[in-house]
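For reference, the structure is listed below as structure tokens.
Derivation of every value follows stated rules applied to the coordinates shown; laboratory data play no part. All values derive from a computational prediction rather than experimental measurement. Neighbour counts are summed over all protein chains in view; Cβ atoms, including those assigned to glycine, are modelled from backbone coordinates with ideal geometry.
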Amino acid sequence: MNMKVVVISDSHGNIANLKHVLGFAKKIKAGAIIHCGDWDNIEAINTVLSFNLPIYTVLGNADISPEVEKSLEENSKKFDPEFLRIKIGGRKIGIVHSFINHESLAINHDIVFAGHRHFKGEEIVGGVKIIHPGALHSNESSFAVYETDTNKVEFIDLL
């Protein structure tokens, strides 16, 4: 079953950009949101939750408030502070904030989404596609749309 998944990272509390991307997610009928960490605050989490899409997420290095972790634990479809393994549309997906020092965890996944770098990109590591959707708060803000049936990603820049 094909599903479109909107992949975001490093929103750092940028509510305007979160609302813009989530509006886009609703418009394309995305089935889920993946957030690769660095939410920064509870308002960002509540903004994403208000769009009623399942959230799969991890913590980032800026997510230092215990309330952020507690909220994500209680409200996400699936959550892991470090490296989240999920299956959507028959695909084995990994989610991590910083891919550095987590390369070995990518094995046996169809795709891994990673944040932290603040710029979009795609690479192959050990035969696994690693996607960096970019950051939602930077001068060159971007996110990605993942299609489970094709295992392909489209990067979208916010202007």
| query | Within the range 3-34, how many residues turn out to be surrounded by fewer than 21 Cβ atoms within 10 Å (Cβ to Cβ), charged (D, E, K, R) and farther than 14 Å from THR148 by Cα? | reply | 3
| Residue satisfying condition, being surrounded by 15 or more Cβ atoms within 10 Å (Cβ to Cβ), over 15 Å from SER142 (Cα atoms), free of Cβ contacts under 8 Å to residues at least 60 places away in the same chain and of a type in the set (Asp, Glu), within set GLU82, GLU74, GLU69 | GLU69
| query | Across the range 125-134, what is the total count of residues that are under 17 Å from ASN151 (Cβ atoms) and in contact with a strand residue (DSSP E or B) (Cβ under 7 Å, 6 or more places away or on another chain)? | reply | 6
| query | Hey, among the residues in the range 35-59 that are buried (at least 17 other Cβ atoms within 10 Å of the Cβ) and of a type in the set (S, T, N, Q), which one's farthest from HIS116 (Cα to Cα)? | reply | THR47
| field | Single match in LEU105, LEU53 (criterion: in contact with a Phe, Trp or Tyr (Cβ under 9 Å, 6 or more places away or on another chain), at negative phi and of a type outside the set (Lys, Arg)) | value | LEU105
| task | Among the residues of the range 96-119, write down those that are over 11 Å from the mean Cα position of the chain (by Cα) and of a type in the set (A, V, I, L, M, F, W, C). | result | PHE99, ILE100, LEU105, ALA106, ILE107, ILE111, PHE119
| query | Do we find that ASP80 is among the acidic types (Asp, Glu) and under 13 Å from the mean Cα position of the chain (by Cα) in this structure? | reply | yes
| request: Output the residues belonging to the range 99-123 that are surrounded by 13 or more Cβ atoms within 10 Å (Cβ to Cβ), without any contact (Cβ under 8 Å) to a residue 40 or more places away in the chain and not in a strand (DSSP E or B). | output: PHE99, HIS102, GLU103, LEU105, ALA106, HIS109, ARG117
